[in-house]
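Asker: The following block contains the structure, expressed as structure tokens.
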Amino acid sequence: MNRRLAFDECNCFALRQAARHVTQIYERHLGGVGLTAAQFTILAKLARKPNLPIADLAESMVMERTTLVRAMKPLQREGLVTAEAADHDGRTLLFSLTKKGQSTFDEASVAWRAAQDEFEQKFGRARAKTLRAELFSITG
């Protein structure tokens, strides 16, 4: 069966295109703080749950571990995130925000709220809430 590919029927294409569009909104706002949207989500996870091993953080973010390790390097280099050996196993690193990281996250949260408001103004608050629920159900 040789059926011609119709991009308007491709779920992956539609999701990725929408994700790029939404990411541009958030990065425009977060850029003033010096963060990407991906970096902000990492800081947000660590702000809610410090001392996370990389494997747990990767799982919660639905990211490959190696991709997350690469994403963490600039955050560590900038002094926003620290990695300390776990008491029970010196080979396991636990990641947390530094004081600078918490301060940056607090500042970035204001920018994130502005991006969130912009998206919800354009898309509709109720539709955005429904969309989030549907998207989280995919990975939940």
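The values are calculated or read from the model by the stated rules, or taken from the named source; none is laboratory data. Model, not experiment: these values are computed from the prediction. Cβ: placed from backbone, ideal geometry, glycine included. Neighbour counts: every protein chain shown.
Asker: In a helix (DSSP H, G or I), at pLDDT below 95 and crowded, with 16+ Cβ neighbours inside 10 Å: does that describe Ala14?
Answerer: In short, no.
Asker: Yes or no: Val62 touching a helix residue (DSSP H, G or I) at 6+ places or on another chain (Cβ under 9 Å), closer than 23 Å to Arg20 by Cα, touching a residue at least 40 places away in the same chain (Cβ under 8 Å) and of a type outside the set (Lys, Arg)?
Answerer: In short, yes.
Asker: Before we move on, is Arg65 at pLDDT 95 or above, out of contact with any Leu (no Cβ under 7 Å at 6 or more places or on another chain) and surrounded by fewer than 17 Cβ atoms within 10 Å (Cβ to Cβ)?
Answerer: no
Asker: A follow-up question, please. Considering every residue within the range 113-135, establish whether at least one is under 14 Å from Leu30 (Cα atoms) and of a type in the set (Ser, Thr, Tyr).
Answerer: The answer is no; no qualifying residue exists.
Asker: Quick test for you: out of Ala71, Ala55, pick the one residue that is modelled with pLDDT under 95, surrounded by 13 or more Cβ atoms within 10 Å (Cβ to Cβ) and under 27 Å from Phe136 (Cβ atoms).
Answerer: Going through Ala71, Ala55 in turn, just one is modelled with pLDDT under 95, surrounded by 13 or more Cβ atoms within 10 Å (Cβ to Cβ) and under 27 Å from Phe136 (Cβ atoms): Ala71.
Asker: Let me ask you something else. Looking at the structure I just gave you, is Ser103 among the small types (Gly, Ala, Ser) and surrounded by 15 or more Cβ atoms within 10 Å (Cβ to Cβ)?
Answerer: Judged against the criteria, Ser103 is not a match.
Asker: Suppose we filter the range 73-96 for residues that are under 15 Å from Lys49 (Cβ atoms) and within 15 Å of the chain's Cα centre (by Cα); how many remain?
Answerer: Residues flagged as under 15 Å from Lys49 (Cβ atoms) and within 15 Å of the chain's Cα centre (by Cα) within the range 73-96 amount to 1.
Asker: From (1) outside any helix (DSSP H, G or I); (2) exposed (fewer than 11 other Cβ atoms within 10 Å of the Cβ); (3) modelled with pLDDT of 90 or more, pick out the condition that doesn't hold for Met1.
Answerer: All conditions pass for Met1, except number (3).
Asker: May I ask you to list the residues in the range 42-72 that are under 15 Å from the mean Cα position of the chain (by Cα) and not hydrophobic (A, V, I, L, M, F, W, C)?
Answerer: Across the range 42-72, the qualifying residues are Lys45, Arg48, Lys49, Asp56, Glu59, Ser60, Glu64, Arg65, Thr67, Arg70.
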